[in-house]
Amino acid sequence: MTERERPTKLFDKHDEPIEPDGTDVKKRNVAYYFHKDVGHFHYGQLHPMKPQRLVVCNDLVVSYEMPKYMTVVESPKLNADDIAVFHSEQYVNFLQTVTPRSALSMSDETLKNFNIGEDCPVFPGMWDYCTLYAGGSVEGARRLNHQMNDIVINWPGGLHHAKKSEASGFCYVNDIVLGILELLKYHKRVLYIDIDIHHGDGVQEAFNNSDRVMTVSFHRFGQYFPGSGSIMDKGVGPGKYFSINVPLMAAIRDEPYLNLFETIIRSVNENFDPEAIVLQCGSDSLCEDRLGQFALSFNAHARAVKFVKSLKKPLMVLGGGGYTLRNVARCWALETGVILGLRMSDEIPGSSLYSHFFTPRLLRPTLVAKMNDANTPAYLASIQQETLDSEIERIEENQRGSTTKIEEEVVKMTEKMEEECHVEEAPPTSSSSTSKEFPPGQDPRRIGQYWGYSDGGGGLAPPRSRSDVVEEMKLEEEEKRKQLGFGNLP
């Protein structure tokens, strides 16, 4: 095994061994959402999305005796009003009422409008499935809002492709967007991180013009679904530079992936300073995934989760893609343990109902890449540099943007001043009377009050032209750049 491909270390001295059943343990401030019915839905015999993976994952979590370390919560069902917080009323009504039988009598145009077809079929119980997987994300966000838990886990959630008015990529309701909207009620800034192999397009689209949500997606790019997520796609309007896309080529390995991931997320955490984080853990970025093209090991995928946990921010952890059923269950069970700070045995417990299903019967078997890494060091370095440069641009844009409204007022007032450039003197008064005192900024004699001039020695501030204002703003920006250590960077 080459130096580049050496095994990735996961556990450290801070991780505790799992105590035998019946032993008193310290409960972590973690909520784990699951509902016994969520894995019993069926997209179709040949469809790659298998909700049963959630049942197998939960069985491993129970077999490793992890429930005693956390608060297990039954996922609630959302109602139509909860889902309509983001999705259009027409689309919600469709999801709520459509059945496989009624879909047969619908026109092709109607089904096409909601993007119903091979990827997103109508199947029995579809509405119940949507309300269950989204319920944990919305209620989990509320638990974080009210500081009931530090971390919330909802493996059934993370369906990041669904749009406001249509299904997409096996996703019908975008539980991530609903959860973030809930978090924004109590948190000024939310960071969304996506390690699914597919671009988190539905979430970026929902918050593309927002400066309160930063979306960061690490995904396979090129001729690959959904085809979006270019590094130059950085958000629009107020949300410009608040979307970070990290487009990767096929078969990326552990070490370069983790180096890139940790560098970018560390920078975003320091500069954006989120008050809460949502992490989508699509396991289709693992090596040997049925639909994936990356070459990540179980340890590397879990290391990304561990790094985000180390940021010590209120955290919601969600599932997502993953189409090799055994490996999805292994991955999310392992990451449940990582979140709890537990060192897990690599041998799957015999108490698991599905232990015979795993061959080999290991939690972290070696996965074998079948392609060479298409990500050259030069390409990865350019991706990292472009992303970090965008962070600098975002900070500068944010500094300019913070005064945008003030600038607008400045322009209006300077135009007025240039038309009426005079100082109104107070009416003459007797020498015995003292000058009238005015509250700050309300002296009718002072044009300079609009610009925050100090009275200094008591004289009136001189009127200023628009060019004066612009020059002062340039000087202020240079001072801020010096304080931030940007030096002579463009």
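The values are calculated or read from the model by the stated rules, or taken from the named source; none is laboratory data. None of the values given here were measured: they were computed from a predicted structure. Glycine also receives a Cβ, built like all others from the backbone with ideal geometry; neighbour counts cover every protein chain displayed. For accessibility, only protein heavy atoms count, side chains too; no ligands or nucleic acids. Shrake-Rupley method; radii C 1.70, N 1.55, O 1.52, S 1.80 Å.
The label point for ASP24 and the one for HIS40, both projected 7 Å from the Cα toward the Cβ, are 3.8 nm apart.
At a probe radius of 1.4 angstrom, the accessible area of the stretch 30-397 per residue rounds to 37 square angstrom.
Based on C-alpha pairs under 8 angstrom that are at least 6 apart in sequence, the stretch 194-288 has a relative contact order of 34 percent.
Dividing the mean sequence gap of close Cα pairs (under 8 Å, 6+ apart) by how many residues the stretch 30-397 holds gives a relative contact order of 18 percent.
You can think of it this way: the chain between ASN259 and GLU386 has 44.2 nm of extra reach, that is 0.36 nm per residue less the Cα-Cα gap.
A DSSP coil position with no more than 12 other Cβ atoms inside 10 Å describes the following GluC sites (Glu not before Pro) in the stretch 99-194: GLU118. The calculated FRET efficiency for the pair LYS77 and SER165, based on their C-beta separation and a Förster distance of 25 Å, comes to about 0.70. If you roll a 1.4 Å probe over the stretch 30-397 with all protein chains in place, what percent of the accessible area is carbon or sulfur? Exposed carbon and sulfur together represent 50 percent of the surface. A cut-off of 5 Å between modelled amide H atoms, ignoring neighbours fewer than 5 places along the same chain, links LEU248 with HIS219, ARG220, PHE221. Could you sort out which of LYS13/LYS309; LYS26/LYS77; LYS36/LYS112; LYS112/LYS163 sit more than 21 Å apart by Cα distance in this structure? Going by Cα-Cα distance, LYS26/LYS77; LYS36/LYS112 fall outside the 21 Å limit.
The modelled label-to-label distance between LEU311 and HIS47, using points 7 Å beyond Cα along the C-beta direction, is 3.2 nm. Out of all DSSP beta bridges in the stretch 30-397, what portion is antiparallel? Express it as a percent rounded to 5. In the stretch 30-397, DSSP labels about 5 percent of beta bridges as antiparallel. Looking at the stretch 167-276, the chymotrypsin sites (Phe, Trp or Tyr not before Pro) that sit in a DSSP loop and have at most 16 other Cβ atoms within 10 Å of their own Cβ are TYR186. Modelled spin labels at ASN93 and ASN271, positioned 7 Å past Cα toward Cβ, are 4.5 nm from each other.
Loop-located trypsin sites (Lys or Arg not before Pro) in the stretch 150-255 (DSSP state not H, G, I, E or B) with no more than 14 neighbouring Cβ atoms inside 10 Å: LYS164, LYS185, LYS188.
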